[in-house]
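Peer 1: Here it is, the structure in full.
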Amino acid sequence: MTNNVKPLRIAGMGYSVPDTIITNDDLTKLYETSDEWIYTRTGIKERRVVSGNESAIDLGVDAAKKAIEKSGFKPEDIDCVIAAASAPPQLYPALACDIQYRLGIPNHIPSFDLTAACTGTIYALQVARGLIGAGLYKTVLIVAADNNSRLVDWKDRGTSILFGDGAGAMVVTEAEDGVDDVLSLIIKADGEIGQYIYMNMPGENCPLVEPCDAVDSKIHMAGRDVYKFVVSTLPKYVDIAIEEAGMTADDIDYLIPHQANQRIVEALQQRLGYSDDKVISNIKYYGNTSAASIPIALVEGVEKGNIKLGSTAILCGFGAGMTWGAAVVRLREGIC
Ligand code: UT7
């Protein structure tokens, strides 16, 4: 990894979740399950879902407005938008283009989506870091937004118990004071185990050729394989990210992991030897909000007083791909 020419400052963050709450008890109306089964296996009690015409785009716009406001920038100061969704409500136009338009960011700045599933925020941060580091763009808006509730098979109790909807956003900019807020960042992928979590696009053959089988376009997941892979892989990369930051686990104030399963969070906590107050978990109330889960956990953690700013944190995540990543970041005062 080469050093960035220009350091990056995390300038502002925000999040947004829909109002509608679905509890574990509500799910018992759909299939045989129980609050006790779901809570003990996952740590989830409830999740938020979009309703009516609301979608991840609305949540993304709301989160982005909050992040821009906190950053002290104006929409016209943003010179690139990167949206990370596990599965955006539409494949094109890109979610980022819609968000650019709805925020009133003047046209003619690049806006594009990046697909790294639940690792999306960490991947987007690395791309923004590269763009800012190389001096190509100065201020980048990252938006992670997902409406999983429209994509899960609500008959599949193995997946639909897990996911929730939400968005998180981050404005990053060139650090004028020369202090880099990204102390280390690793992103990885292993396509060989891509079938652990997958979602196909619907599609049919051209009517002039033979028909093909209808494509099932819901989320599919081999939950146990994902779990085993993550607990055997991610902690190692968390260690590497801390080492690459030139720190020890004790030097870092908070662990802010992707909120996928409380047992995975606890495995990471154990590895780092952290007390509960250093570990940020809100999966109980939001479930797995995919790419948005890390920024939601971070900003909500600050709002609830569980995270004090002027601190450092290790962010880590994993998702379909399989992708995974970890970053040690500085959380300056006033970012959210
Ligand atoms: O960002 C995406 C990342 N994804 C993840 O992090 C997923 C990681 N994996 C997990 O969280 C867990 O694998 C799950 C919570 C999804 C499932 O827990 P598990 O302990 O791996 O259960 P399982 O899939 O092996 O199923 C055990 C049993 C099965 O019954 P039999 O075959 O043993 O009779 C399932 O049919 O539990 C049954 N089951 C349920 N029972 C009640 C599966 N889902 C449910 C349910 N309620 N919702």
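The values are calculated or read from the model by the stated rules, or taken from the named source; none is laboratory data. It should be emphasised that the depicted structure is a prediction, and the values quoted were computed from it without experimental measurement. In this analysis, Cβ positions are derived from the backbone assuming ideal geometry, glycine residues included, and neighbour counts consider all displayed protein chains. Just the protein is used for accessible areas: all its heavy atoms, side chains included, with ligands, DNA and RNA removed. Shrake-Rupley method; radii C 1.70, N 1.55, O 1.52, S 1.80 Å.
Peer 1: Tally time: how many residues in the range 177-192 are touching a residue at least 12 places away in the same chain (Cβ under 8 Å) and over 16 Å from residue 325 (Cα atoms)?
Peer 2: 5
Peer 1: Taking residue 170, is it open to solvent by 20 Å² or more (accessible area, probe 1.4 Å) and either closer than 30 Å to residue 16 by Cα or touching a Lys or Arg at 6+ places or on another chain (Cβ under 8 Å) (or both)?
Peer 2: Against the criterion (open to solvent by 20 Å² or more (accessible area, probe 1.4 Å) and either closer than 30 Å to residue 16 by Cα or touching a Lys or Arg at 6+ places or on another chain (Cβ under 8 Å) (or both)), residue 170 does not qualify.
Peer 1: Can you confirm whether residue 266 is assigned to a helix (DSSP H, G or I), open to solvent by 60 Å² or more (accessible area, probe 1.4 Å) and either within 18 Å of residue 45 (Cα to Cα) or within 16 Å of the ligand (Cβ to nearest atom) (or both)?
Peer 2: Judged against the criteria, residue 266 is a match.
Peer 1: Test residue 175 against the stated conditions and say whether it is closer than 19 Å to residue 77 by Cβ, in contact with a Lys or Arg (Cβ under 6 Å, 6 or more places away or on another chain) and buried (at least 20 other Cβ atoms within 10 Å of the Cβ).
Peer 2: Considered against the rule, which asks whether it is closer than 19 Å to residue 77 by Cβ, in contact with a Lys or Arg (Cβ under 6 Å, 6 or more places away or on another chain) and buried (at least 20 other Cβ atoms within 10 Å of the Cβ), residue 175 comes out as yes.
For every residue, the table says whether it meets (1) at pLDDT 95 or above; (2) among the aliphatic types (A, V, I, L, M); (3) within 15 Å of the chain's Cα centre (by Cα).
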| residue | (1), (2), (3) |
| --- | --- |
| 280 | yes, yes, yes |
| 292 | yes, yes, yes |
| 298 | yes, yes, yes |
| 304 | yes, no, no |
| 316 | yes, no, yes |
| 319 | yes, no, yes |
| 326 | yes, yes, yes |
| 332 | yes, no, no |
| 335 | yes, yes, no |
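Peer 1: Same structure again: So, of the residues in the range 37-73 that are polar (S, T, N, Q) and within 16 Å of the ligand (Cβ to nearest atom), which turns out to be nearest to residue 300 (Cα to Cα)?
Peer 2: 42
Peer 1: Here is a follow-up. Restricting attention to the range 1-30, and to residues there that are loosely packed, with under 13 Cβ neighbours inside 10 Å and touching a residue at least 60 places away in the same chain (Cβ under 8 Å), which single residue is nearest to the ligand (Cβ to nearest atom)?
Peer 2: It comes out as 1.
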